[in-house]
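What follows is a single structure, written as structure tokens, with notes after it.
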Ligand SMILES: Nc1nc2c(ncn2[C@@H]2O[C@H](COP(=O)(O)OP(=O)(O)OP(=O)(O)O)[C@@H](O)[C@H]2O)c(=O)[nH]1
Ligand SMILES: [Mg+2]
Ligand SMILES: [Zn+2]
């Protein structure tokens with residue numbers, strides 16, 4: 001019997017004081033408790049954390065330490081996220097592009113690479129799809145349109161997640177769990193029945209769990225939401241940095257907020273169509289909102 005054995009791994013689930021840590025050893029995650037020392041330091045192990053675990057007694061694993069985090073989110077609680085799958089449907093519900101832009105800004109702030117997904121392509125026309133492409137093809141973001149039958153496109157999305165940790169964000173009913181079921185079809189869950197429940201997305205309100213994709217990535221399915229706040233996260237003069245297509249730096253004034261300033265290159269690009277007017281309008285309305293909140 002090896003004692004004091006140490007392993008490194010990733011927390012994929014936490015329930016009632018137990019953490020489930022995926023290591024190189026075996027397919028099943030190991031059930032762990034956190035050492036008291038972590039609690040005393042007020043460090044809360046979080047799903048997505050890279051940890052060192054140790055076994056003092058056979059079959060009993062303790063989380064010894066948590067490696068520095070790349071980022072951490074509170075709702076849902078998850079750490080070390082590389083990719084944000086921002087999911088909207090073409091219809092039922094209709095896409096809210098202002099919410100989409102807020103999620104893009106939030107991704108930029110948190111150092112998460114956004115991938116924009118539009119589902120339910122089967123229920124809509126190419127005109128509607130082209131209208132959205134017009135807007136977002138002028139940004140550097142990756143953009144996918146598909147339906148739940150379109151496994152080729154979903155395989156491309158899986159390709160983006162390989163070896164990384166992704167989470168989903170978007171309104172309720174857009175098809176996040178439907179997508180997660182395909183992206184994570186080959187995962188090995190602890191029990192068959194629990195696994196079935198998880199696959200239907202029922203877990204999202206109960207606990208947070210990283211599912212494994214077919215190519216060694218992790219995916220967090222989340223409950224949908226329809227409103228979002230970014231005004232507390234940014235100052236007015238920072239907002240423009242989070243619209244990457246604005247950053248050509250050719251405005252007359254370095255401090256240009258792209259509003260009423262003379263010689264504004266962004267406004268010129270909106271007029272020529274190089275920058276989408278929809279994105280620009282969203283920028284202006286968010287700028288107003290942030291300013292209002294600042295002087296409250
Ligand atoms: N026609 C069509 N229906 C879809 C598609 N994707 C998902 N749906 C349906 O949309 C409904 C909602 O899908 P879910 O995957 O539960 O949506 P969700 O985003 O997980 O919703 P929440 O968990 O409430 O946030 C289900 O009835 C799906 O079958 C699609 O591409 N085309
Ligand atoms: Mg769901
Ligand atoms: Zn400008």
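The values are calculated or read from the model by the stated rules, or taken from the named source; none is laboratory data. Every value quoted in this text rests on a predicted model; they were computed, and no experiment measured them. Because the Cβ atoms are built from the backbone with ideal geometry, glycine has one as well, and the counts that use them run over all protein chains shown.
When restricted to residues that are more than 10 Å from ligand 1 (Cβ to nearest atom), in a helix (DSSP H, G or I) and under 11 Å from residue 87 (Cβ atoms), the stretch 143-185 contains 1. Per the listing 109, 105, 53, the residue uniquely more than 14 Å from ligand 1 (Cβ to nearest atom) and farther than 30 Å from residue 9 by Cα is 105. Does the stretch 213-231 contain any residue that is more than 16 Å from ligand 1 (Cβ to nearest atom), in contact with a helix residue (DSSP H, G or I) (Cβ under 7 Å, 6 or more places away or on another chain), at pLDDT below 90 and more than 30 Å from residue 24 (Cα to Cα)? So far as the stretch 213-231 goes, yes, one or more of its residues are more than 16 Å from ligand 1 (Cβ to nearest atom), in contact with a helix residue (DSSP H, G or I) (Cβ under 7 Å, 6 or more places away or on another chain), at pLDDT below 90 and more than 30 Å from residue 24 (Cα to Cα). Looking across the stretch 232-248, the residues that are part of a loop (DSSP other than H, G, I, E, B) and over 13 Å from residue 282 (Cα atoms) come down to 232, 233, 234, 235, 247, 248.
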